[in-house]
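Here the structure is laid out as structure tokens; the discussion comes afterwards.
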Amino acid sequence: MSRVRRSGTKPELALRTALRRARVRYRPVSGSKLPGSPDFVFRQARLAVFVDGCFWHGCPKHGTTPKTNTFFWLTKILRNRRRDRRADRLLKSLGWRVLRLWEHETRCDIDRAARQIKALVKIRTDT
Ligand SMILES: [Zn+2]
């Protein structure tokens, strides 16, 4: 399990609905060709959005440390985080903007997340 990320997972679907509600034009494009495989790709705005799982990416609020195999999990999470940073750097060097949302943000305040995306998409299309 190199990456816990399939397309059409729950947080992604919820965010897609919220984007529609916020009237953000979004055509699903595969991010698989971009560094880190972003969950949402806004090509025109050159915005890449990731929804990071709280456990897998070590969310400061919900990143728990498992009591068994602690070292194994911590190493894994650290590695994920390093990979995230690397993907961010690569994307930025390619002229993309990166927005990372925690999975919990798509749970408790998804409309805020959608508004955040909307604002970023707008910035580019207005110029
Ligand atoms: Zn979290």
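The values are calculated or read from the model by the stated rules, or taken from the named source; none is laboratory data. Source: prediction; values computed, not measured. Please note: Cβ atoms are built from the backbone with ideal geometry, for glycine as well, and neighbour counts cover all protein chains shown.
Remarks
- Qualifying residue in the range 21-44 (condition: under 19 Å from Thr9 (Cα atoms), of a type outside the set (Phe, Trp, Tyr) and within 13 Å of the ligand (Cβ to nearest atom)): no
- Residue check: Ile110 meets all listed conditions (1) more than 12 Å from the chain's Cα centre (by Cα); (2) among the hydrophobic types (A, V, I, L, M, F, W, C); (3) more than 16 Å from the ligand (Cβ to nearest atom) but one, namely (3).
- The set of residues from the range 90-107 being more than 16 Å from the ligand (Cβ to nearest atom) and surrounded by 14 or more Cβ atoms within 10 Å (Cβ to Cβ) comprises Leu90, Leu91, Trp96, Arg97, Val98.
- In the range 68-89, the qualifying residues are those that are among the aliphatic types (A, V, I, L, M) and crowded, with 17+ Cβ neighbours inside 10 Å, and the one that is farthest from Val51 (Cα to Cα) is Ile77.
- On the stretch given as the range 34-44, residues that are crowded, with 20+ Cβ neighbours inside 10 Å and in contact (Cβ under 8 Å) with a residue 24 or more places away in the chain total 5.
- Condition met for Val51 (within 24 Å of Lys10 (Cα to Cα) and either within 16 Å of the ligand (Cβ to nearest atom) or in contact with a Phe, Trp or Tyr (Cβ under 7 Å, 6 or more places away or on another chain) (or both)): yes
- Tabulated pairs, the range 58-86, first farther than 24 Å from Leu99 by Cα and more than 16 Å from the ligand (Cβ to nearest atom), second assigned to a helix (DSSP H, G or I) and among the hydrophobic types (A, V, I, L, M, F, W, C), C-beta under 9 angstrom, 6+ apart or interchain: none
- Breaking point among (1) at pLDDT below 90; (2) surrounded by fewer than 16 Cβ atoms within 10 Å (Cβ to Cβ), for Gly31: (2)
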